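Undergrad: Okay, here's the structure, questions in a sec.
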Amino acid sequence: MNKEVDNPAGSIPRHVAIIMDGNGRWAAQNGRPRLAGHRAGVKSARQIVEACAEAQVEILTLFAFSSENWQRPAEEVNALMRLFIEVLQREVATLHDNGIRLRFIGARENLPTILQKRIEDAENKTAANTRMTLMLAVAFGGRWDITQATRQIANKVSTGELDVEDIDEAMVSRHLSLATFDDPDLLIRTGGEKRVSNFLLWNLAYSEIHFSDTLWPAFDSTDLATAFEFFSQRQRRFGQLDNQKEASAD
Ligand code: IPE
Ligand code: IPE
Ligand code: MG
(Lines give C-alpha, C1' and ligand atoms only; values in the text may rest on other atoms or scores of the structure.)
(Ligands and ions follow the chains in the order given, each with its own letter.)
Protein backbone atom coordinates (compact mmCIF):
# COMPACT_ATOMS: atom_id res chain seq x y z
CA MET A 1 0.00 0.00 0.00
CA ASN A 2 1.55 3.28 -1.11
CA LYS A 3 0.53 6.14 1.17
CA GLU A 4 2.29 8.75 -1.02
CA VAL A 5 -0.01 7.93 -3.93
CA ASP A 6 -3.23 7.08 -2.11
CA ASN A 7 -3.08 9.88 0.41
CA PRO A 8 -1.07 12.62 -1.26
CA ALA A 9 -2.01 15.60 0.91
CA GLY A 10 -2.15 13.66 4.19
CA SER A 11 -5.90 14.20 4.17
CA ILE A 12 -6.63 10.83 5.80
CA PRO A 13 -5.39 10.67 9.39
CA ARG A 14 -3.06 7.74 10.03
CA HIS A 15 -4.25 7.28 13.61
CA VAL A 16 -7.89 8.03 14.45
CA ALA A 17 -9.11 7.91 18.06
CA ILE A 18 -12.82 8.02 18.91
CA ILE A 19 -14.69 8.71 22.15
CA MET A 20 -17.87 6.78 21.32
CA ASP A 21 -20.37 8.72 23.43
CA GLY A 22 -24.15 9.01 23.42
CA ASN A 23 -25.43 5.42 23.56
CA GLY A 24 -27.64 6.05 26.60
CA ARG A 25 -29.18 9.21 25.18
CA TRP A 26 -29.84 7.47 21.87
CA ALA A 27 -31.66 4.69 23.74
CA ALA A 28 -33.71 7.21 25.75
CA GLN A 29 -34.69 9.05 22.55
CA ASN A 30 -35.90 5.78 21.12
CA GLY A 31 -37.76 4.74 24.29
CA ARG A 32 -35.41 1.79 24.82
CA PRO A 33 -33.26 0.64 27.79
CA ARG A 34 -29.64 1.88 27.94
CA LEU A 35 -28.32 -1.55 26.94
CA ALA A 36 -30.15 -1.26 23.61
CA GLY A 37 -28.11 1.89 23.05
CA HIS A 38 -24.87 0.03 23.76
CA ARG A 39 -25.91 -2.76 21.37
CA ALA A 40 -26.67 -0.21 18.66
CA GLY A 41 -23.27 1.32 19.45
CA VAL A 42 -21.58 -1.96 18.56
CA LYS A 43 -23.21 -1.80 15.10
CA SER A 44 -21.81 1.71 14.61
CA ALA A 45 -18.39 0.54 15.71
CA ARG A 46 -18.47 -2.27 13.15
CA GLN A 47 -19.37 0.19 10.35
CA ILE A 48 -16.70 2.66 11.37
CA VAL A 49 -14.03 -0.06 11.62
CA GLU A 50 -14.87 -1.07 8.04
CA ALA A 51 -14.92 2.52 6.78
CA CYS A 52 -11.56 3.30 8.41
CA ALA A 53 -9.95 0.16 6.99
CA GLU A 54 -11.32 1.11 3.53
CA ALA A 55 -9.90 4.62 3.91
CA GLN A 56 -6.49 3.12 4.77
CA VAL A 57 -6.39 4.45 8.31
CA GLU A 58 -3.49 2.63 9.99
CA ILE A 59 -4.64 2.72 13.62
CA LEU A 60 -8.16 3.14 14.97
CA THR A 61 -8.43 3.54 18.74
CA LEU A 62 -11.92 3.23 20.22
CA PHE A 63 -12.73 4.31 23.78
CA ALA A 64 -15.22 1.67 24.91
CA PHE A 65 -15.11 1.83 28.73
CA SER A 66 -13.32 4.32 30.97
CA SER A 67 -11.75 3.93 34.43
CA GLU A 68 -14.62 6.07 35.71
CA ASN A 69 -17.34 3.99 34.01
CA TRP A 70 -16.84 1.37 36.79
CA GLN A 71 -18.80 3.81 38.96
CA ARG A 72 -21.99 3.33 36.94
CA PRO A 73 -24.73 1.10 38.42
CA ALA A 74 -23.57 -2.53 38.67
CA GLU A 75 -26.37 -3.62 36.34
CA GLU A 76 -25.03 -1.47 33.50
CA VAL A 77 -21.38 -2.39 34.17
CA ASN A 78 -22.25 -6.11 34.15
CA ALA A 79 -24.30 -5.78 30.98
CA LEU A 80 -21.39 -3.98 29.28
CA MET A 81 -18.91 -6.67 30.35
CA ARG A 82 -21.22 -9.37 28.98
CA LEU A 83 -21.58 -7.38 25.76
CA PHE A 84 -17.78 -7.10 25.33
CA ILE A 85 -17.44 -10.87 25.82
CA GLU A 86 -20.22 -11.55 23.32
CA VAL A 87 -18.85 -9.11 20.73
CA LEU A 88 -15.36 -10.61 20.88
CA GLN A 89 -16.84 -14.09 20.52
CA ARG A 90 -18.80 -12.99 17.45
CA GLU A 91 -16.50 -10.54 15.67
CA VAL A 92 -12.88 -11.67 16.04
CA ALA A 93 -12.96 -14.20 13.18
CA THR A 94 -14.33 -11.60 10.75
CA LEU A 95 -11.83 -8.98 11.88
CA HIS A 96 -9.07 -11.53 11.42
CA ASP A 97 -10.30 -12.45 7.92
CA ASN A 98 -10.18 -8.75 7.06
CA GLY A 99 -6.56 -8.36 8.12
CA ILE A 100 -7.29 -6.37 11.28
CA ARG A 101 -4.91 -6.63 14.22
CA LEU A 102 -6.62 -6.26 17.60
CA ARG A 103 -4.96 -4.69 20.61
CA PHE A 104 -6.35 -3.72 24.01
CA ILE A 105 -5.26 -0.93 26.30
CA GLY A 106 -6.45 -0.49 29.87
CA ALA A 107 -6.35 -2.06 33.34
CA ARG A 108 -7.22 -5.49 32.01
CA GLU A 109 -6.59 -7.15 35.39
CA ASN A 110 -9.81 -5.46 36.57
CA LEU A 111 -11.91 -7.14 33.87
CA PRO A 112 -13.78 -10.43 34.32
CA THR A 113 -11.44 -13.41 33.83
CA ILE A 114 -13.30 -14.73 30.76
CA LEU A 115 -13.00 -11.32 29.10
CA GLN A 116 -9.26 -11.20 29.87
CA LYS A 117 -8.91 -14.60 28.22
CA ARG A 118 -10.92 -13.52 25.14
CA ILE A 119 -8.76 -10.41 24.86
CA GLU A 120 -5.56 -12.41 25.02
CA ASP A 121 -6.82 -14.91 22.44
CA ALA A 122 -7.95 -12.13 20.09
CA GLU A 123 -4.58 -10.37 20.36
CA ASN A 124 -2.67 -13.59 19.71
CA LYS A 125 -4.85 -14.70 16.81
CA THR A 126 -4.60 -11.36 14.98
CA ALA A 127 -1.03 -10.40 15.94
CA ALA A 128 0.45 -10.82 12.45
CA ASN A 129 -2.26 -8.84 10.61
CA THR A 130 -1.12 -5.65 8.91
CA ARG A 131 -4.08 -3.96 7.23
CA MET A 132 -5.17 -1.87 10.24
CA THR A 133 -4.65 -1.98 14.01
CA LEU A 134 -7.86 -1.74 16.00
CA MET A 135 -6.98 -0.60 19.52
CA LEU A 136 -9.78 -1.05 22.04
CA ALA A 137 -9.54 1.06 25.18
CA VAL A 138 -11.40 -0.85 27.90
CA ALA A 139 -11.07 0.01 31.61
CA PHE A 140 -8.75 2.73 30.31
CA GLY A 141 -8.01 6.16 31.72
CA GLY A 142 -5.34 8.67 30.73
CA ARG A 143 -4.41 9.23 34.38
CA TRP A 144 -4.25 5.48 35.01
CA ASP A 145 -1.93 5.17 32.00
CA ILE A 146 0.48 7.87 33.16
CA THR A 147 0.42 6.39 36.68
CA GLN A 148 1.23 2.85 35.51
CA ALA A 149 4.05 4.20 33.32
CA THR A 150 5.45 6.13 36.29
CA ARG A 151 5.35 3.01 38.42
CA GLN A 152 7.17 0.91 35.79
CA ILE A 153 9.88 3.56 35.42
CA ALA A 154 10.26 3.95 39.20
CA ASN A 155 10.67 0.18 39.53
CA LYS A 156 13.42 0.17 36.91
CA VAL A 157 15.20 2.99 38.74
CA SER A 158 14.95 1.15 42.05
CA THR A 159 16.46 -2.03 40.58
CA GLY A 160 19.25 -0.02 38.91
CA GLU A 161 18.08 -0.88 35.37
CA LEU A 162 17.62 2.86 34.73
CA ASP A 163 19.19 6.09 35.96
CA VAL A 164 16.96 9.06 36.81
CA GLU A 165 18.93 11.04 34.18
CA ASP A 166 17.74 8.57 31.49
CA ILE A 167 14.11 9.64 31.97
CA ASP A 168 13.03 11.80 29.06
CA GLU A 169 9.78 12.23 27.07
CA ALA A 170 10.60 9.34 24.73
CA MET A 171 11.11 7.02 27.68
CA VAL A 172 7.84 8.05 29.34
CA SER A 173 6.06 7.51 25.98
CA ARG A 174 7.46 4.01 25.63
CA HIS A 175 5.99 3.01 29.01
CA LEU A 176 2.51 4.32 28.19
CA SER A 177 -0.12 2.00 26.69
CA LEU A 178 0.39 3.25 23.13
CA ALA A 179 4.14 2.65 23.57
CA THR A 180 5.64 2.69 20.06
CA PHE A 181 2.36 3.46 18.24
CA ASP A 182 2.18 7.01 16.90
CA ASP A 183 -0.06 9.51 18.68
CA PRO A 184 -3.59 10.02 17.30
CA ASP A 185 -3.71 12.53 14.42
CA LEU A 186 -7.45 13.00 14.82
CA LEU A 187 -9.67 12.64 17.89
CA ILE A 188 -13.41 12.42 17.29
CA ARG A 189 -15.90 12.73 20.15
CA THR A 190 -19.51 11.99 19.32
CA GLY A 191 -22.56 12.83 21.43
CA GLY A 192 -22.05 16.58 21.68
CA GLU A 193 -19.92 16.88 24.83
CA LYS A 194 -16.75 18.91 24.41
CA ARG A 195 -14.38 17.22 26.82
CA VAL A 196 -11.69 14.54 26.83
CA SER A 197 -13.11 12.51 29.79
CA ASN A 198 -9.72 11.09 30.83
CA PHE A 199 -8.94 9.48 27.45
CA LEU A 200 -5.36 9.47 26.12
CA LEU A 201 -4.10 12.54 28.00
CA TRP A 202 -0.42 12.36 27.04
CA ASN A 203 -0.91 11.18 23.46
CA LEU A 204 -3.53 13.76 22.49
CA ALA A 205 -1.05 16.62 22.95
CA TYR A 206 -1.17 17.61 19.25
CA SER A 207 -4.21 15.73 17.94
CA GLU A 208 -6.79 17.63 15.91
CA ILE A 209 -10.12 17.42 17.74
CA HIS A 210 -13.48 17.05 16.01
CA PHE A 211 -16.66 17.21 18.10
CA SER A 212 -19.75 15.72 16.51
CA ASP A 213 -23.27 16.22 17.89
CA THR A 214 -24.33 12.87 16.44
CA LEU A 215 -24.99 10.25 19.13
CA TRP A 216 -22.66 7.26 18.65
CA PRO A 217 -25.34 4.73 17.56
CA ALA A 218 -26.32 7.14 14.77
CA PHE A 219 -22.73 7.95 13.71
CA ASP A 220 -22.07 6.57 10.22
CA SER A 221 -19.58 6.74 7.37
CA THR A 222 -20.98 10.14 6.28
CA ASP A 223 -20.20 11.57 9.73
CA LEU A 224 -16.76 9.99 9.49
CA ALA A 225 -16.24 11.65 6.11
CA THR A 226 -17.18 15.00 7.71
CA ALA A 227 -14.54 14.42 10.40
CA PHE A 228 -11.92 13.55 7.75
CA GLU A 229 -12.88 16.69 5.80
CA PHE A 230 -12.35 18.76 8.98
CA PHE A 231 -8.97 17.06 9.44
CA SER A 232 -7.89 17.70 5.83
CA GLN A 233 -8.39 21.45 6.36
CA ARG A 234 -6.27 21.70 9.47
CA GLN A 235 -2.81 23.08 9.30
CA ARG A 236 -0.70 21.24 11.84
CA ARG A 237 2.08 23.41 13.23
CA PHE A 238 3.22 21.53 16.35
CA GLY A 239 4.22 24.83 17.93
CA GLN A 240 6.29 26.02 14.97
CA LEU A 241 5.49 28.67 12.35
CA ASP A 242 3.67 27.87 9.08
CA ASN A 243 6.72 28.46 6.90
CA GLN A 244 8.88 26.22 9.09
CA LYS A 245 6.46 23.30 8.63
CA GLU A 246 6.46 23.88 4.83
CA ALA A 247 10.25 23.98 4.76
CA SER A 248 10.61 20.75 6.75
CA ALA A 249 8.13 18.95 4.42
CA ASP A 250 10.31 19.72 1.33
C1 IPE B 1 -20.89 5.78 25.75
O2 IPE B 1 -22.24 6.03 25.85
C3 IPE B 1 -20.57 4.34 26.07
C4 IPE B 1 -19.90 4.15 27.39
C5 IPE B 1 -19.43 5.10 28.13
C6 IPE B 1 -19.76 2.78 27.85
P7 IPE B 1 -22.90 6.49 27.23
O8 IPE B 1 -23.35 5.28 27.96
O9 IPE B 1 -21.98 7.37 27.98
O10 IPE B 1 -24.15 7.29 26.70
P11 IPE B 1 -24.71 8.68 27.25
O12 IPE B 1 -23.57 9.63 27.31
O13 IPE B 1 -25.29 8.38 28.60
O14 IPE B 1 -25.73 9.08 26.24
C1 IPE C 1 -16.47 8.73 27.85
O2 IPE C 1 -17.86 8.82 27.94
C3 IPE C 1 -16.03 7.30 27.96
C4 IPE C 1 -16.39 6.44 26.84
C5 IPE C 1 -17.00 6.81 25.72
C6 IPE C 1 -16.00 5.07 26.97
P7 IPE C 1 -18.57 9.13 29.33
O8 IPE C 1 -20.02 9.17 29.05
O9 IPE C 1 -18.12 8.18 30.35
O10 IPE C 1 -18.00 10.58 29.68
P11 IPE C 1 -18.59 11.72 30.61
O12 IPE C 1 -19.00 11.07 31.90
O13 IPE C 1 -19.77 12.30 29.89
O14 IPE C 1 -17.49 12.71 30.74
MG1 MG D 1 -21.69 9.39 28.01
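The values are calculated or read from the model by the stated rules, or taken from the named source; none is laboratory data. Quick caveat, the model's predicted, so the values are computed rather than measured. Because the Cβ atoms are built from the backbone with ideal geometry, glycine has one as well, and the counts that use them run over all protein chains shown. To get the accessible areas, we keep the full protein, side chains included, count just its heavy atoms, and leave off ligands, DNA and RNA. Shrake-Rupley method; radii C 1.70, N 1.55, O 1.52, S 1.80 Å.
Undergrad: Not counting the cut sites, what is the longest span of the chain without chymotrypsin sites (Phe, Trp or Tyr not before Pro) that DSSP labels loop and that have at most 12 other Cβ atoms within 10 Å?
TA: Between the exposed loop sites, the longest stretch runs 1-205.
Undergrad: Mind listing the long-range amide H neighbours of R101? Cut-off is under 5 Å, sequence gap 5 or more, other chains count too, H placed in the peptide plane at 1.01 Å from N.
TA: R131, M132, T133, L134
Undergrad: Give the carbon-plus-sulfur fraction of the accessible surface of the chain in %, rounded to a whole number; probe 1.4 Å, heavy atoms of protein chains only.
TA: After summing per-atom areas, the C and S share lands at 48 percent.
Undergrad: Another question about this same structure. Relative to the Cα centre, what is the charge dipole magnitude of the chain, using +1 at the beta carbon of each Lys and Arg, -1 at the beta carbon of each Asp and Glu, and rounding to the nearest 20 debye?
TA: Rounded to the nearest 20 debye, it is 980 debye.
Undergrad: Provide the net charge surrounding D166, with neighbours chosen by a C-beta distance below 13 Å and charges set as Lys +1, Arg +1, Asp -1, Glu -1.
TA: Residues close to D166 contribute a combined charge of -3.
Undergrad: Then there's this: Mind giving me the FRET efficiency for K117 and Q233? R0 is 41 Å, r the Cβ-Cβ distance, nearest 0.05 is fine.
TA: Here the calculated transfer efficiency is 0.40.
Undergrad: Here's something else I'd like to know. When a/c reaches 1.5 or more, the comparison of a/b and b/c decides; with that in mind, is segment 24-128 rounded, prolate or oblate per its Cα gyration tensor?
TA: Note, shape of segment 24-128 comes out oblate.
Undergrad: So what's the back-of-envelope 222 nm ellipticity for the chain, counting only DSSP H runs of four-plus at -39500 (n - 2.57) apiece and dividing by all residues, rounded to 500?
TA: -14500 deg cm²/dmol, from helical runs alone.
Undergrad: When only C-alpha pairs under 8 Å and at least 6 residues apart count, what is the relative contact order of the chain, in percent?
TA: 28
Undergrad: Counting only heavy atoms of the protein chains, get the accessible area per residue of the chain (1.4 Å probe) and round it to a whole Å² value.
TA: That works out to 54 Å² for each residue.
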